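What follows is a set of notes on a single structure, which appears directly below.
Readers should treat all values here as calculations from the given coordinates under stated rules, not as data from a laboratory. Not measured: the values here are computed from a predicted model. So basically every Cβ, Gly included, is an ideal-geometry build from the backbone, and we count neighbours across all protein chains shown.
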Amino acid sequence: MNIETIKSVYFVGAGGIGMSALVRYFLFKGKVVAGYDRTPTSLTETLIAEGAQIHYEENVDLIPEACKDKESTLVIFTPAVPQEHEELVYFRNNGFEIQKRAQVLGTITRSSKGLCVAGTHGKTTTSTMTAHLLHQSHVECTAFLGGISKNYGTNLLLSQQSPYTVIEADEFDRSFHWLSPYMSVITSTDPDHLDIYGTAEAYLESFEHYTTLIQPGGALIIRKGISLQPKVQPGVRVYTYSRDEGDFHAENIRIGNGEIFIDFVAPDTRINDIQLGVPVSINIENSVAAMALAHLNGVTAEEIKRGMASFRGVDRRFDFKIKNERVVFLSDYAHHPSEIKQSVLSMRELYKDKKITAIFQPHLYTRTRDFYQDFADSLSLLDEVILVDIYPAREAPIPGVTSELIYDNLRRGIEKSMCKKEDIPNILKDKNIEVLITLGAGDIDNYVPEICKILENR
């Protein structure tokens with residue numbers, strides 16, 4: 001189906017962060033856009049205000065008539081929705097064209113120069129950084145982001161004239177195999193989604209296959225030291241990067257007074273005294289990857305410097321909500337042991353002498369089952385841990401798999417407790433908080449406004 005000729009688009013699972021960018025893209029294209037999501041959120045309500053018809057009940061009768069013509073309607077679904085979903089079954093049984101989000105993005109990358117960021121961690125921040133660097137430069141770009149850019153208040157950037165499309169390449173259920181990148185960054189390949197892949201080896205093989213999809217004439221920028229042997233086509237350049245070494249890296253790193261300055265080193269240039277707009281140490285490495293992509297695609301040294309200083313970050317990615325002399329509070333999406341470790345170490349670097357407390361909501365029963373010891377090890381770097389129940393997302397409970405698995409394996413002597421998520425505000429009212437982080441990819445973010453009020457009113 002030709003994206004340009006379809007008249008309506010229906011989303012089964014419209015409110016996910018990645019799906020919502022496509023909702024906005026098709027609204028921009030002038031299509032009738034409708035869909036289902038499980039629960040109302042501020043994001044779905046915003047999409048409704050922007051013109052999308054969204055409902056929250058699994059009910060075929062609520063599908064608009066304009067979306068019941070299979071000749072002119074494209075159906076896009078998220079893998080998080082069960083296959084037996086009533087509306088999905090209706091579309092399937094009636095012969096509609098049904099595509100995953102990644103398939104649609106694949107079509108878009110084939111008609112533009114796709115700059116894709118893949119990897120277990122860091123891809124949302126790195127792709128949003130890349131998009132900002134290009135968007136604010138003379139190069140410009142369209143971008144489909146996996147988080148809300150704080151610079152633009154959206155996960156979609158649009159350009160009428162730029163040939164570049166920045167995309168976060170999602171490895172979940174091998175979605176990124178639909179893409180045809182012009183250039184790609186791979187940030188990490190730590191095993192994840194083992195409920196889908198089965199083994200760490202299969203997960204790694206999936207990334208190897210992804211590297212074969214990069215178009216000749218393009219480039220792969222791979223983090224130095226990760227356990228991936230790329231299998232690129234002839235004509236694809238391969239570069240390495242990291243914080244400290246590789247073809248692209250940082251030198252002369254200066255951290256202090258809540259600021260970070262670096263020098264960016266590329267094979268053919270050097271840009272000195274770059275200030276990071278979001279001064280956390282993990283962003284040094286992310287910024288090197290983003291600047292590498294920007295540099296290879298014509299963004300000037302001055303534009304890179306200006307763009308990095310003005311970058312404000314991504315919602316829920318090291319997202320500072322309160323930052324004063326009394327208390328620091330941030331929301332972070334980290335939901336994998338390696339991500340949590342990086343978050344905590346970055347906070348330790350910034351707040352050496354402060355007590356750091358985290359509220360962690362594990363995401364998925366399978367991930368908790370596979371990595372509970374690793375979660376416990378990463379969380380044990382904190383001074384205090386408050387654990388809430390597992391956020392199930394697409395999964396049914398697994399007997400014996402609860403947050404208690406993590407709780408029981410935390411280091412001896414750590415201050416720790418467990419609670420229901422709805423009890424978080426009450427627990428915090430009487431707690432001495434110096435630095436607080438909420439961690440997880442579930443719905444813990446819904447409690448952030450209330451937490452802010454409690455901490456601000458002390």
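Here are a few things to note about the model shown:
- Global geometry of segment 324-385, whether rounded, prolate or oblate, following the gyration tensor of its Cα atoms and the 1.5 cut on a/c: prolate
- Given +1 at the Cβ of Lys and Arg, -1 at the Cβ of Asp and Glu and no other charges, the dipole of segment 31-152 around its Cα centre is 760 debye to the nearest 20.
- Rounded to 5, the percent of DSSP beta bridges in the chain classed as antiparallel: 25 percent
- Distance between the pseudo-spin-label points of Ser159 and Tyr351 (7 Å out from Cα toward the beta carbon): 3.7 nm.
- Put simply, the amide H of Gln53, placed in the peptide plane, has neighbours under 5 Å in Val33, Ala34, Gly35, leaving out anything fewer than 5 places away on its chain.
- Convex hull volume per residue for the chain, taking Cα atoms only, in Å³: 146 Å³
- Taking the DSSP bridge list for segment 112-310 and keeping only pairs wholly inside it, about 40 percent are antiparallel.
- For segment 431-438, the Karplus equation 6.51 cos²θ - 1.76 cosθ + 1.60, evaluated at θ = phi - 60°, returns couplings of 9, 6, 10, 9, 10, 10, 10, 9 Hz by residue, with Gly and Pro reported as x.
- Electrostatic tally near Lys231: other residues with Cβ closer than 12 Å to its Cβ, Lys and Arg +1, Asp and Glu -1, net -2.
- Computed over the chain, the per-residue total of -39500 (n - 2.57) for DSSP H runs of n ≥ 4 gives a 222 nm mean residue ellipticity of -9000 deg cm²/dmol, rounded to 500.
- Listed residue pairs exceeding 32 Å between alpha carbons, taken from Lys341/Lys420; Lys100/Lys355; Lys123/Lys355; Lys321/Lys341; Lys150/Lys341; Lys123/Lys421: Lys100/Lys355
- Percentage, to the nearest whole number, of Cα pairs in segment 319-456 over 22 Å apart: 31 percent
- Highest-first arrangement of 391-398, 320-327, where packing means the average Cβ count within 10 Å: 391-398, 320-327
- For the pair segment 28-49 / segment 327-400, the C-alpha centres are spaced 31 Å from each other.
- Residue among Phe311, Pro181, Ile98 farthest towards the positive dipole end of the chain, charges placed on Cβ: Phe311
- Where labels lie 7 Å past Cα in the beta-carbon direction, separation of Ser310 and Asn432 in nm: 4.4 nm
- Segment Ala80..Glu208, full-extension length gain: 43.6 nm, with 0.36 nm per residue of separation and the alpha-carbon distance subtracted.
- Estimated translational D of segment 112-310 in µm²/s (Stokes, Kirkwood radius over Cα pairs; 10 °C; 1.306 mPa s): 95 µm²/s
- If you wrap segment 8-100 in the convex hull of its Cα atoms and look at it from every side, the mean projected area works out to 5.2 nm².
- Residues within the reach of a label modelled at Arg412 (point 7 angstrom out along Cα to beta-carbon, backbone nitrogen below 19 Å), restricted to segment 376-397, are 376-385.
- Cross-link reach is defined here as a Cα-Cα straight distance under 13 Å, omitting same-chain residues fewer than 8 places apart; for Lys70 the aspartates and glutamates meeting it are Glu97.
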